[in-house]
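Structure, as structure tokens:
The values are calculated or read from the model by the stated rules, or taken from the named source; none is laboratory data. The model shown is predicted, which means the values in this text are computed figures rather than measured ones. All Cβ positions, glycine included, derive from the backbone under ideal geometry; neighbour counts span all protein chains shown. Protein only, heavy atoms only, side chains kept; ligands, DNA and RNA dropped before computing areas. Shrake-Rupley method; radii C 1.70, N 1.55, O 1.52, S 1.80 Å.
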Amino acid sequence: MSVIVKRLLRALGSVLPQNGPKALHEPEFAGNEWAYTKECIDSGWVSSAGKFVDEFEARLARYTGARCAVAVVNGTAALEIAIRLAGARSGEEVIVPALTFVATANAVVHCGALPHFVDSDRATLGLDAQALQAHLGRVAECSGGAWRNRFNGRRLAAIVPMHALGHPADMAAILEVAARYALPVVEDAAESLGSSLGGRHTGTFGLAGTLSFNGNKVVTTGGGGAILSNDEALARHARHLTTTAKQAHPWRFIHDEVGYNYRLPNINAALGCAQMERLPDMLARKRRLAHAYRAQFADAPGIHFIDEPVGSVSNFWLNAVRLDIEDIEERDQIIGALVAGGYHCRPLWTLMHRLPMFRECSRAPLTVAERLEVSVIKLPSSAKLVQN
Ligand SMILES: *Cc1c(COP(=O)(O)O)cnc(C)c1O
């Protein structure tokens, strides 16, 4: 067994409870989840209208400081609508990190556009603003009143940074580059509910931001998502589009554009309201878990704990370490040994440009993302692994 595996097993053994499974991220239902869900069933309000949807949106807006929140069926749908409302159209390109969950790139294609992949920053794991600036300097040209990819003529429509594992990307630097090229920014904050930069919640820096409430996220509604925006007109349009674009009327069916059936059902929102009540407590326990991991790896040779970036607060959705290792085989041997020990450790995502459907997409040099793909391992991070 390698030195790194021994050290990781020792750390996991001392940080995590002895009994029970050590999943990567499990939901925790310890408050009003059952009561609110039962209320939906008892009242018959289980579908896309009901008080919990409005309350969930209000709670999300209050918690994140966004002026508006629109609850939808999942994070991918939230991204699709937000990217579309940012103006991305068929045949255009949207800049996304190659290091992300597939939903970010899929949502771009759902809008008819193409993802254009850029590199990530080693410390934040998020989109690297400097690399982006250097890349756009080579690739972007202004013609016909729009910034285009000079190699294929496609308009550059938007930038979609993602706050990886909950750690905020450097939004100030990203927004500066975006402004230089007049590109709207949509933040994929699916993993970063509870994370902020300079006191401002992730997902509220750009034109819009999106959240996910999938079962493995910090707060879950079973499945769900939300669009955050400070732009009231955009939020109103998002709500309209995601509810079949039906004009408000007590009994007539008039739809004024091709809409989507993306509204979050009330029964899911009920779960979300109960989860939001406990979010501060879950975040506090996740932070304690992160502190315990950090202490374990502080003097471990070849193991680097991925910490919250300077100036930011992370929700520590998933704790992770970067290892001094050379290749995917070594990474997978290590993960295999940890999984065999009962710890559900996982690699980062396979980079988007390696996936068959995105192989032909435009891309920048991805040196850092390729190193991170090989060397980062995610560790069990559920709030329920830490007791009050
Ligand atoms: C979870 C996630 C999403 C959205 O996922 P859904 O399962 O559709 O809610 C989008 N982007 C990232 C980075 C995610 O981790």
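Restricting the search to the range 96-132, which residues are open to solvent by 10 Å² or more (accessible area, probe 1.4 Å), away from the ligand (no atom under 13 Å from the Cβ), assigned to a helix (DSSP H, G or I) and of a type outside the set (S, T, N, Q)?
Val109, Ala129, Ala131
This table checks each residue for (1) more than 22 Å from Phe297 (Cβ to Cβ); (2) buried (at least 19 other Cβ atoms within 10 Å of the Cβ).
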residue	(1), (2)
Asp327	no, no
Gly341	no, no
Met352	yes, yes
Glu360	yes, no
Leu366	yes, yes
Ala369	yes, yes
Val376	no, yes
Leu379	no, yes
Leu385	no, yes
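Looking at the range 1-55, which of its residues are in a loop (DSSP other than H, G, I, E, B) and without any contact (Cβ under 8 Å) to a residue 12 or more places away in the chain?
Listed by number, the residues that qualify are Gln18, Asn19, Gly20, Gly44.
Considering only the range 56-80, how many residues are more than 16 Å from the ligand (Cβ to nearest atom), outside any strand (DSSP E or B) and touching a residue at least 12 places away in the same chain (Cβ under 8 Å)?
8
Yes or no, residue by residue, for (1) more than 16 Å from the ligand (Cβ to nearest atom); (2) part of a loop (DSSP other than H, G, I, E, B); (3) among the acidic types (Asp, Glu):
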position: Leu211; (1), (2), (3): no, no, no
position: Val218; (1), (2), (3): no, yes, no
position: Gly223; (1), (2), (3): no, yes, no
position: His237; (1), (2), (3): yes, no, no
position: His249; (1), (2), (3): yes, yes, no
position: Phe253; (1), (2), (3): yes, yes, no
position: Glu257; (1), (2), (3): yes, yes, yes
position: Ala269; (1), (2), (3): no, no, no
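Which condition from (1) in contact with a Phe, Trp or Tyr (Cβ under 8 Å, 6 or more places away or on another chain); (2) open to solvent by 40 Å² or more (accessible area, probe 1.4 Å); (3) in the same structural domain as Arg288 (by TED's automatic domain parsing) is the one that Gly20 breaks?
(1)
I'd like to check something: does the range 88-95 contain any residue that is within 16 Å of the ligand (Cβ to nearest atom), closer than 22 Å to Asp170 by Cβ and open to solvent by 10 Å² or more (accessible area, probe 1.4 Å)?
no
Can you tell me which residue in the range 180-199 is most open to solvent (accessible area, probe 1.4 Å), limited to those that are away from the ligand (no atom under 11 Å from the Cβ) and not in a loop (DSSP other than H, G, I, E, B)?
So the residue we want is Arg180.
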